[in-house]
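The values are calculated or read from the model by the stated rules, or taken from the named source; none is laboratory data. Small disclaimer: the values here were computed from a predicted structure and weren't measured. Cβ: placed from backbone, ideal geometry, glycine included. Neighbour counts: every protein chain shown. What goes into the accessible areas is simple: the full protein's heavy atoms, side chains included, and nothing from ligands, DNA or RNA. Shrake-Rupley method; radii C 1.70, N 1.55, O 1.52, S 1.80 Å.
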Amino acid sequence: MKALQYRAIGAAPEVVTVPDPEPGPGQVVLKVTAAGVCHSDIGMMGRPAEGFPYPLPLTLGHEGVGTVAALGAGVTGLAEGDPVAVYGPWGCGGCAKCAEGKENYCLRAAALGIRPPGLGRPGSMAEYLLIDSARHLVPIDGLDPVATVPLTDAGLTPYHAIKRSLPKLVPGSTAVVIGAGGLGHVAIQLLRAMTPARVVALDVSEDKLRLAREVGAHAAFPSDERAAAAVRELTGGLGAEVVFDFVGVKPTVRTAAAVVAVEGDIALVGLGGAAVAVGFGRLPFEVSVTAPYWGSRSELTEVLALARCGAVSVHTETFTLDEAPVAYERLHQGRIKGRAVVLPHG
Ligand code: NAD
Ligand code: ZN
Ligand code: ZN
């Protein structure tokens, strides 16, 4: 089968031919319908050889939707042809976090070498994808695969970050979304569907600010040194109860710290590597700063339920598997509106 692989440090990913996966006992093989292109892959491919976390070559893609193509021995509850979404952050399935469905925070995954598809294991940018356990699959019944595949990460990650801050997003509150890209443009819609908060988007691109307004942001400002003042002015000087930073570089975390309100939350979701200093005098009183990772299995089910109500409409640009390297290039250049989605059989 064809697969998009990152093969050598610093090189562009390329489409190659690899053996078709065969399901072992308990495993499932999916025929991949759609695979989402996440900026985290670009961050990963930008890392130096020293300390590179995964073996190469690596088939990319940690957002996947497909149909069941083959079932390993002992798999029940699924039938060939069933359309499913892949819950990506695999855990051991048995520890206290996994028992709660929080496989993203599995206590034993690192020790056992369990990795998500596309982030250490062969991923979804291929014609077929091997799934370790049927519990990683969520039926998508009726949902469009292309619009749904980004929800497995670009939807689930902001959903999780928003859900933990819901008590602060009361009527009259303000939420700031920094970076209206794949994750950010879904975050804006989730905030509008799940909270009465006023939503303010910040981005460096005029196109993304337009997209932010289109998908429901009440206000959208350029992400520059004047952004914090604009948010302060809009909130009568009080600032924003919750700030979601989907970039995480020095200028954006500086803005996040400058706009957050007393007792507010800052969620650093972007992997830009910058940190927020916490301490007396550094931030308004009792601000919480977190760096959340992906989301739980039950949260994925909830995101799909929201999509089923029509609350989220993901903007997508589609590419064939042969065009997938171009999708990464364009994402790197900031030229994808919403999420790029690769169709391995398209
Ligand atoms: P994306 O490229 O689709 O979106 C990024 C957006 O940020 C773009 O619209 C871009 O114009 C904007 N941007 C760039 N610099 C900016 C700045 N200085 N101020 C404001 N906006 C700026 O990327 P994505 O796939 O949505 O991923 C966003 C980030 O989230 C990445 O860092 C990714 O690695 C990370 N991520 C984290 C998790 C997690 O679990 N924590 C999960 C998925 C992705
Ligand atoms: Zn991702
Ligand atoms: Zn576990």
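Take a quick pass over the chain and tell me how many lysine pairs come in under 21 angstrom between Cα atoms, counting only ones 8 or more apart or on separate chains.
Lysine pairs, 8 or more places apart or on different chains, close enough: 5.
Determine the equivalent ellipsoid of the stretch 62-194 by diagonalising the alpha-carbon gyration tensor, then write out the semi-axes as square roots of 5 times the eigenvalues, largest first, rounded to whole Å.
29, 19, 14
Assuming 0.36 nm per residue, please report the length gained on full extension of the stretch Ala305 to Arg47 beyond their Cα-Cα distance.
Fully extending the segment from Ala305 to Arg47 adds 89.3 nm.
Along its three principal axes, how long is the stretch 1-73 when you only count alpha carbons? Whole Å, largest extent first please.
Taking max minus min along each principal axis of the Cα atoms, the stretch 1-73 gives 40, 21, 21 Å.
If you add up the charges near Met45, with Lys and Arg at +1 and Asp and Glu at -1, over every other residue whose beta carbon is less than 13 angstrom from its beta carbon, what do you get?
Net charge in that neighbourhood comes out at -1.
Taking a ≥ b ≥ c as the square roots of the eigenvalues of the Cα gyration tensor of the stretch 126-224, is the shape rounded (a/c under 1.5), prolate (a/b larger than b/c) or oblate?
Prolate.
Show log10 I(q)/I(0) for the stretch 32-109 at q = 0.13 Å⁻¹, two decimals, from a solvent-free Debye sum over equal Cα scatterers.
-0.60
How large is the translational diffusion coefficient of the stretch 264-346 in µm² per second when you combine the Kirkwood radius over alpha carbon pairs with Stokes-Einstein at 37 °C and 0.692 mPa s?
200
Mind giving me the FRET efficiency for Glu22 and Leu112? R0 is 25 Å, r the Cβ-Cβ distance, nearest 0.05 is fine.
E between Glu22 and Leu112, to the nearest 0.05, is 0.65.
For the pair Lys163 and Met194, how long in nm is the line joining their label points, each one 7 Å along Cα→Cβ?
Roughly 0.7 nm, to one decimal.
Per residue of the chain, what 222 nm ellipticity follows from adding -39500 (n - 2.57) for every DSSP H run with n ≥ 4, rounded to the nearest 500?
Counting only the DSSP helices, I get -7000 deg cm²/dmol.
Considering only DSSP states other than H, G, I, E and B, which GluC sites (Glu not before Pro) in the stretch 1-103 qualify as loop sites with at most 14 other Cβ atoms within 10 Å?
Glu50, Glu80, Glu100
Under a Cβ-only charge scheme (Lys and Arg +1, Asp and Glu -1), can you give me the dipole magnitude of the chain about the Cα centre, in debye to the nearest 20?
660
What translational D, rounded to a whole number of µm²/s, comes out for the stretch 215-293 from Stokes-Einstein when the hydrodynamic radius is the Kirkwood one over Cα pairs, at 37 °C and 0.692 mPa s?
Answer, rounded: 259 µm²/s.
Using the Karplus curve 6.51 cos²θ - 1.76 cosθ + 1.60 with θ = phi - 60°, work out ³J(HN,Hα) for each residue of the stretch 123-129 in order, rounded to whole Hz, and write x for Gly and Pro.
For the stretch 123-129, the Karplus curve yields x, 8, 7, 7, 5, 10, 9 Hz.
Between the stretch 277-327 and the stretch 149-167, what is the C-alpha centre distance in whole Å?
4
Got a number for carbon plus sulfur as a percent of the stretch 41-160's accessible area, 1.4 Å probe?
54
What is the Cα radius of gyration of the stretch 260-308 over 2.2 N^0.38 Å, N being its residue count?
1.53
State the percentage of accessible surface on the stretch 192-346 attributable to carbon and sulfur atoms; use a 1.4 Å probe and exclude ligands, DNA and RNA.
54
When 1/r is averaged over all different Cα pairs and the result inverted, which Kirkwood radius in Å belongs to the stretch 1-146?
15.7
For the stretch 141-190, what D do you get in µm² per second when you plug the Kirkwood radius from alpha-carbon pairs into Stokes-Einstein at 20 °C and 1.002 mPa s?
Value of D from the Cα-based Kirkwood radius: 181 µm²/s.
So how far, in whole Å, is the C-alpha centre of the stretch 10-70 from the one of the stretch 191-212?
Value for the Cα centre distance between the two parts: 31 Å.
Enter the accessible area per residue of the chain (Å², integer; probe 1.4 Å; all protein chains in place).
42
Calculate the all-directions average of the projected area of the chain's alpha-carbon convex hull, and give it in nm².
Projected over every direction and averaged, the Cα hull of the chain covers 16.9 nm².
Pairs of Cα atoms under 8 Å, at least six residues apart: use those to get the relative contact order of the chain, whole percent.
19 percent.
Mind giving me the nanometre distance, one decimal, between the label points for Glu317 and Asp144, set 7 Å out from Cα along Cα→Cβ?
A separation of 1.7 nm, rounded to one decimal place.
Which log10 I(q)/I(0) values does the stretch 194-346 give at q = 0.13, 0.14, 0.20, 0.22 Å⁻¹ under the Debye formula, counting every alpha carbon as one identical point scatterer?
-0.73, -0.84, -1.42, -1.50
With a 10 Å radius around each residue's Cβ, average the other Cβ atoms per peptide and rank 212-223, 190-201, highest first.
With the highest mean Cβ count within 10 Å placed first, the list reads 190-201, 212-223.
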